[in-house]
1. Over 10 Å intervals from 0, what percent of Cα-Cα pairs in the chain sits in each interval?
2. Run the helix sum for the chain: -39,500 (n - 2.57) per DSSP H stretch of 4+ residues, divided by residue count, reported at 222 nm to the nearest 500 deg cm²/dmol.
3. At 7 Å along Cα-to-Cβ for each site, give me the label-to-label distance between LYS30 and PHE4 in nm.
4. Pop out the carbon and sulfur fraction of the accessible area of the stretch 23-71 as a percent, whole number, probe 1.4 Å.
5. Could you order the peptides 13-21, 38-46 from most to least packed, using the average number of other C-beta atoms within 10 Å per residue?
6. Per residue, how many Å² of accessible area does the chain show with a 1.4 Å probe?
Amino acid sequence: MNSFEIRTYGRTELALLYNPGLCPDSAYRKLKQWIDLCPGLRDGLAALGISSRSRTYTPAQVRLIVGALGEP
């Protein structure tokens, strides 16, 4: 089994790693829900420069997401 690599991910790419059985749009919406439900995660991502128009997660943002949600 391959270990998860902290690197830049497209937002849908990362969402599909967390939700492989869903279609891309649904997977992304589900990941957004999880981020919003996790206390402080949305604020932490905003502090690292994420916006609603961001199409990718930087390695620092991925590290924060994985720290809160666990590895996909």
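1. 21, 59, 19, 1
2. Counting only the DSSP helices, I get -16500 deg cm²/dmol.
3. 1.4
4. 52
5. Put in order of decreasing packing, that is 13-21, 38-46.
6. About 65 Å² of surface per residue is accessible.
The values are calculated or read from the model by the stated rules, or taken from the named source; none is laboratory data. What you see is a predicted model, and the numbers here were worked out from it, not measured in a lab. Methodologically, a virtual Cβ is constructed for each residue, glycine included, from the backbone with ideal geometry; neighbour enumeration extends over all protein chains shown. Areas reflect the complete protein model, heavy atoms only, side chains present, ligands, DNA and RNA absent. Shrake-Rupley method; radii C 1.70, N 1.55, O 1.52, S 1.80 Å.
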